[in-house]
Structure formats: structure tokens, C-alpha cells
1. Restricting the range 14-34 to residues that are buried (at least 20 other Cβ atoms within 10 Å of the Cβ) and touching a strand residue (DSSP E or B) at 6+ places or on another chain (Cβ under 6 Å), which is nearest to Gln229 (Cα to Cα)?
2. Within the set of pairs 6 or more residues apart or between chains, which connect a residue that is within 22 Å of Ile40 (Cα to Cα) and within 13 Å of ligand 2 (Cβ to nearest atom) inside the range 192-217 to a residue that is assigned to a strand (DSSP E or B) and among the β-branched types (Val, Ile, Thr) with Cβ atoms less than 6 Å apart?
3. Of all residues in the range 3-18, count the ones that are farther than 15 Å from Leu195 by Cα and either under 10 Å from the mean Cα position of the chain (by Cα) or modelled with pLDDT under 95 (or both).
4. What do you reckon, is Gly52 in contact with a strand residue (DSSP E or B) (Cβ under 8 Å, 6 or more places away or on another chain), without any contact (Cβ under 8 Å) to a residue 24 or more places away in the chain and within 16 Å of ligand 2 (Cβ to nearest atom)?
5. Using beta carbons and a limit of 7 Å, which pairs, at least six apart or on different chains, have the first residue in the range 139-166 and under 22 Å from Ile40 (Cα atoms) and the second one of a type in the set (Asp, Glu) and not in a helix (DSSP H, G or I)?
6. Pull up the range 31-53, narrow it to residues that are outside any loop (DSSP other than H, G, I, E, B), farther than 15 Å from Ala80 by Cα and under 14 Å from the mean Cα position of the chain (by Cα), then point me to the one that is nearest to ligand 1 (Cβ to nearest atom).
7. Take Ala210 and tell me if it is crowded, with 19+ Cβ neighbours inside 10 Å and either in a strand (DSSP E or B) or under 16 Å from the mean Cα position of the chain (by Cα) (or both).
8. Is it true that some residue in the range 122-141 is under 18 Å from Leu14 (Cβ atoms), away from ligand 2 (no atom under 13 Å from the Cβ) and not hydrophobic (A, V, I, L, M, F, W, C)?
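The values are calculated or read from the model by the stated rules, or taken from the named source; none is laboratory data. All figures in this text were calculated on a predicted structure; none of them were measured in a lab. Cβ placement follows ideal geometry from the backbone for every residue including glycine, while neighbour counts extend to all protein chains displayed.
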Amino acid sequence: MATNAAIRITPSVLAADFSRLGEQVALVEQAGADWLHLDIMDGHFVPNLSIGVPVVASIRKVTSLHLDVHLMLTDPGKYAEPFVKAGADTVTFHIEAVDDAPAMVEQLRGLGVGVGVSLNPGTPADAARQIVPMVDLVLVMTVWPGFGGQKFMPECLDKIRTLAGWMNAEQTLQVDGGIDTTTAPLVAGAGANNLVAGSAVFGATQPGAALKELRRVAADAAQRRALEQRV
Ligand code: DX5
Ligand code: ZN
């Protein structure tokens, strides 16, 4: 069971000002961001388009942050390698998008990258039961993917608790969608140890301060959870 209270905050550039992306990345890096989340959408798996390989490659040149690439693609296997070549450190695919999830994990392992699997709000934890021990990261979507700025879905909390019970402290249990200072303690208290936040960071007047506050409230909740588990 994951009892490690360390929390990672992963700003999502989807909510950044793309006309000055390098500056925005530098800002969150200086403020202590742990990872950087890059949302890749194909207009098919999700009803929206976002950035692609050249943008990831450009970001790679200006930061040493861990690049966390979230593939919201119908055919993740077709595009995994270009994103790894562009500098991705972790690549996360959606379990709903593939027929053979273990084969997708194996393909990503062969590329020498961290491997993540993501679950949409409608996908039960059980769907990932077999794959959880094979991956580095499980991403629980706490909104339907496709857009930033949506409302957190509290019905996903039970799924986070279940997955946390199946994962070890070295694995990453990530959440994505509607994470702010109100919802961060809820997900961290349920066992998430990596929080993606777009609007709550880049939509704030002071993104650096917003990031630090998110970490503070999430770390407090994770600490309380760790103490409860020791009782
Ligand atoms: C949604 C994306 C998220 C998005 C989160 O499809 O996967 O990463 O950027 O945005 P916020 O934090 O604004 O809900
Ligand atoms: Zn995402």
C-alpha cells in the first residue's frame, strides 16, 4: 500500500499562455514544480486538439523538469516513439484506447520511458487491476478529458482509494482535472501522490505562489493519511 507522504505537483501547460510558453515553464520550474504535464489530444479520443511533437521538443530544450506526456489519443502506439524522441520522460496512454494494454506497456518499456496508464471517470479501477503492477504511474482522470478548467468529479475519490491500496510507494498515483486548493486535500487524502493542475496554477495571478499553496495543502492531507494508516 502506498504510504509515502511525498507529493508531486505537476503543472499542466494546457492552461499556460502559449505565446510565452518558455517563460511560463521557467516560472513554474523556479517555483519548485516537480514535473510538467503535457496534454496531447487528437480530436478523436477526445473532442479537442492541443499540442504535438514539435512543442514537446521545444519545451525539452528549455527545461530539465520531468516531462509527463498524457496521450489522449485513439492510437497511442503509433505516436509513442516520436514523443519519446522529443524528450518525454513518462508517457501515459488511456486504457480505453487500446485492446491490449500489456502490449502497450511493453512497447513503451522498449522505448526506455516511464510508463503510465490512465482511466477515464467512467472506467472502474478493476479495469486496471492486472496492469497496475506493470506500470510506473496510474492516472485517474477526475474530469472527462479534453478540456482544462472543468469541475472536479468527487465520485472519482473511491477509485483513487482502491488504486492506492493496490500500489506501492515507488509508484505514482496521479490525478488530473479540477485540482485546486479545495480538491487537492481530498485527492491526497485518498492516496494520490502526484497532482496535475492547469488552471489553478497558470490561471492564478501568481502561478508560483499558487503552486506552493497547492503543495502545502496536499502534503498536509497526505501526512494525515500516512499517520492514520500507521494506527
Ligand atoms: C484535461 C487535461 C488536463 C487539464 C487539467 O483533459 O488532461 O491535464 O490540463 O486542467 P485543469 O487543472 O484546469 O482542470
Ligand atoms: Zn492531462
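1. This residue is Ala33.
2. Asn194/Thr10; Asn194/Thr172; Leu195/Ile9; Leu195/Val175; Val196/Thr10
3. Count: 1.
4. Spelling it out, Gly52 is indeed in contact with a strand residue (DSSP E or B) (Cβ under 8 Å, 6 or more places away or on another chain), without any contact (Cβ under 8 Å) to a residue 24 or more places away in the chain and within 16 Å of ligand 2 (Cβ to nearest atom).
5. So the pair list comes out as Leu139/Asp176; Met141/Asp176; Thr142/Asp176.
6. Filtering the range 31-53 for residues that are outside any loop (DSSP other than H, G, I, E, B), farther than 15 Å from Ala80 by Cα and under 14 Å from the mean Cα position of the chain (by Cα), the one nearest to ligand 1 (Cβ to nearest atom) comes out as His37.
7. In short, no.
8. no
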